[in-house]
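Participant: Below you'll find the structure I mean.
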Amino acid sequence: MSDNKNNMSHWADQMAERIIREKGEKPLYTCASGITPSGTVHIGNFREIITVDLVVRALRERGKNVRFIYSWDDYDVFRKVPKNMKDPELLASYLRKPITLVPDTSGVAENYARANEVRVENILPTVGIYPEYIYQAARYRAGYYAEGIKRALEKKEEIKAILNEWRTEPLGDDWFPVSVFSSFTDKDNTKVTDWDGEYKITYTDLDENKSETIDIRSTPNTKLPWRVDWPMRWAKEGVDFEPGGKDHLTEGGSYDTSKKVVELFGGTAPVSMRYDFIKLKGMGGKISSSGGEVADLYDVLEIYTPEIVRYMFVGTRPNSEFAISFDLDVLKIYEDYDNCERIYFGLLDVKEQRKEKEKRIYELSQVDSDHIPTEPGYQAPFRHLCNLFLIHESNVDEALESISDVTEGQKDRLRARLVCAKNWLEKYAPEEFKWSLATTTDPIDVKDNERQALKDLASYVNSYLDEMNEKEFSTYIYKAAADNGIENADFFTLTYRALISKEKGPKLAGFIKTVGKEKILQILSKY
């Protein structure tokens, strides 16, 4: 690994240096992220997680002790039933209750929130991310934030003044910086009406028209609203870095108010950076957790290997919007990663400035930061892997075994790519990418000169295919056409029809070499 203390070519290293500069030398730096598990945690949400992970890695490489906390805001209100959830009518009956009280209709966890949490927690290690999880419902219900709630009530007027700076309609005199889930209905349709100056508050359930006084230390149904809760937790956890989406970091957004409110809790705002949204390309649908039209990390890992998933985020500044592609761009993304890898291993000569940048991107893209590969992967183009998969009739093991020059150190990475190629072919590839080798029992109708051209091609395959490279052998394809009075384009169409029952296909000479002499001759022998 290169000396990354002096390598400032990547934004993660720049941010690590900024944190150290602004927060000073500390025995422990805390980096934070989090989300409300109100639906599928999609790939757009993952951008925040990996942004923090990259900064954490950069800090640790500078010898710093770092805590990476990920908060599940699972004491938030269940506001909307996502479209992709089972039993939506049942779920709708739990609207306005905390999401930890909503049942998991998929049957995999003890509640709705936990089902969404577990799905993320199980997959993050695949891409080398290991946060410390904090469950806010458990903390609130256990009275962990009782002192924070009391402090917010004590600073009610100061908090209200800060929030009112950016509100078009100011908060009224009857506003309190605390919300309550009713003990009568579990819903949040309540209004706080009084506070005794210590730990007791009185609220009214607006649905039931009932009131009660509760102790915030022992009654598990109070919480702070978001713009008070966030800065309270910054102070409580001593957060030094937390990025935010552009909705939070716009002027007057929750970061602007929170960096003032946090001082009332005796803390300071963390260093932050804005990240932009993620689009989907070739999959369809807008990423929306509540809408249910999502692609999550599981979907992306079906098509991209873990290091390439990381690469897409590592190679893009967080404040730049980009698309996760499921269309033909997949081929280019694999090629771009391979170029980055070639630069890292000195196999592709580029200018020094680009070399340092690409080497750092490659390091941060690896799943295990302590074990960077010592040799490049087997860099077969993604389309070639698709062809191998089809040639071997959807058998990944046979496709892998057909590649004779792969090293032991490359096999696992190559197998992972073949699986991704298989998944892409089955789910997203355009039709022209899908074919199967023709059988030997059902020849196509051909004219006499076409039959002779195919016979000549079979002869050249038998005599020269194994001894020549793709470019050299292509001359014999043209010769078979010319000797029989057939235009090159027409002969290519004829050959594709004979081999794969389509009029177009992969680059012919390379395709014939990939399929191999034995299978090509079996097909052409019927002519």
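The values are calculated or read from the model by the stated rules, or taken from the named source; none is laboratory data. Bear in mind that the values here come from a model prediction, so they are computed numbers and not experimental data. Cβ sites come from the backbone with ideal geometry, for glycine too, and all protein chains shown count toward neighbours. Heads up: the accessible areas ignore ligands, DNA and RNA and are worked out on the full protein's heavy atoms, side chains in. Shrake-Rupley method; radii C 1.70, N 1.55, O 1.52, S 1.80 Å.
Participant: Equivalent-ellipsoid semi-axes (√(5λ), Cα gyration tensor) for the stretch 110-211, whole Å, largest first?
Facilitator: Each semi-axis is √(5λ); the values are 32, 19, 15 Å.
Participant: Which Rg and Dmax, in Å, describe the Cα atoms of the stretch 320-363?
Facilitator: Final numbers for Rg and Dmax: 11.9, 33 Å.
Participant: Continuing with the same structure: Mind checking the dipole of the chain: about its Cα centre, +1 per Lys or Arg Cβ, -1 per Asp or Glu Cβ, Debye to the nearest 20?
Facilitator: It comes to approximately 560 debye.
Participant: Ok, one more. Which percent of the Cα-Cα distances in the stretch 171-324 go past 26 Å?
Facilitator: For the stretch 171-324, the fraction of Cα-Cα distances above 26 Å is 50 percent.
Participant: Describe numerically, in nm with one decimal, the distance between label points set 7 Å from Cα along Cα→Cβ at GLU154 and at LYS80.
Facilitator: Going by the 7 Å Cα→Cβ label model, 3.9 nm.
Participant: Helix-only estimate, please: 222 nm mean residue ellipticity of the chain, summing -39500 (n - 2.57) across DSSP H runs of length 4 or more and dividing by its residues, to the nearest 500.
Facilitator: Helix contribution divided over all residues of the chain: -13500 deg cm²/dmol.
Participant: Considering only DSSP beta bridges with both partners in the chain, what is the antiparallel share in %, to the nearest 5?
Facilitator: If I count the DSSP bridges inside the chain, around 45 percent turn out antiparallel.
Participant: For the stretch 471-507 and the stretch 27-93, what is the separation of their C-alpha centers, rounded to whole Å?
Facilitator: Result: 54 Å between the Cα centres.
Participant: Using label points projected 7 Å from each Cα along Cα→Cβ, tell me how many nm separate ASP87 and VAL446, to one decimal.
Facilitator: 6.2 nm
Participant: Follow-up. Which net charge results when you count Lys and Arg as +1 and Asp and Glu as -1 among the other residues whose beta-carbon is under 11 Å from that of PHE491?
Facilitator: Its environment carries a net charge of -3.
Participant: Hey, any idea what the orientation-averaged projected area of the convex hull of the stretch 371-527's Cα atoms comes to, in nm²?
Facilitator: 10.0 nm²
Participant: Would you mind telling me the share, in percent, of accessible area of the stretch 88-231 contributed by carbon and sulfur at probe 1.4 angstrom?
Facilitator: Here it works out to 47 percent.
Participant: Report, in debye and to the nearest 20, how large the dipole of the stretch 1-79 comes out about its Cα centre when Lys and Arg carry +1 and Asp and Glu carry -1 on their Cβ.
Facilitator: Taking the Cα centre of the stretch 1-79 as origin, the dipole is about 240 debye.
Participant: Enumerate the whole-percent occupancy of each 10 Å bin, from 0 to the last occupied one, for all C-alpha pair distances of the stretch 77-117.
Facilitator: With a bin width of 10 Å, the distribution comes to 35, 63, 2.
Participant: Still on this structure, I have one more. For the stretch 450-522, would you read off the P(r) tail past 14 Å as a percentage of all alpha carbon pairs?
Facilitator: So the portion of pairs separated by more than 14 Å is 54 percent.
Participant: Among ASN111, ALA416, GLY172, whose Cα lies farthest out toward the positive end of the dipole of the chain, if unit charges sit on the beta carbon of Lys, Arg (+1) and Asp, Glu (-1)?
Facilitator: GLY172
Participant: Sequence-distant or interchain residues sharing an amide H contact under 5 Å with ASP276, placed H: which?
Facilitator: ASN319, SER320
Participant: Computed on alpha carbon atoms, what radius of gyration and Dmax characterise the chain, expressed in Å?
Facilitator: Taking only Cα atoms of the chain, I get Rg and Dmax of 30.0, 101 Å.
Participant: Rounded to the nearest 0.05, what FRET efficiency is calculated for ASN462 and SER394 with R0 set to 45 Å and r the Cβ-Cβ distance?
Facilitator: E between ASN462 and SER394, to the nearest 0.05, is 0.95.
Participant: Find the percent of Cα-Cα distances in the stretch 358-401 that exceed 11 Å, and round it to a whole number.
Facilitator: 73 percent
Participant: OK, next. Heavy atoms only, probe 1.4 Å: what % of the accessible area of the stretch 372-527 goes to carbon and sulfur, would you let me know?
Facilitator: Exposed carbon and sulfur together represent 45 percent of the surface.
Participant: Using a 1.4 Å probe and ignoring any ligands, DNA or RNA, find the accessible area of LYS355 and quote it in Å² to the nearest 10.
Facilitator: Rounded to the nearest 10, that gives 60 Å².
Participant: Per residue, how large is the accessible surface of the chain? Use a 1.4 angstrom probe and give square angstrom.
Facilitator: Here the residues of the chain average 46 Å² of exposed surface.
Participant: Going by a ≥ b ≥ c, the root eigenvalues of the Cα gyration tensor, does the stretch 100-155 fall in the rounded group (a/c under 1.5), the prolate group (a/b larger than b/c) or the oblate group?
Facilitator: Because a/c hits 1.5 or more and a/b fails to exceed b/c, the stretch 100-155 counts as oblate.
Participant: What does the extension gain come out to for THR202 and GLU401, with contour length at 0.36 nm per residue minus their alpha carbon separation?
Facilitator: My answer for the length gained is 64.5 nm.
Participant: Which translational diffusion coefficient, to the nearest whole µm²/s, is obtained for the stretch 59-177 from the Stokes-Einstein equation, given a Kirkwood hydrodynamic radius over C-alpha pairs, 10 °C and 1.306 mPa s?
Facilitator: D = 90 µm²/s.
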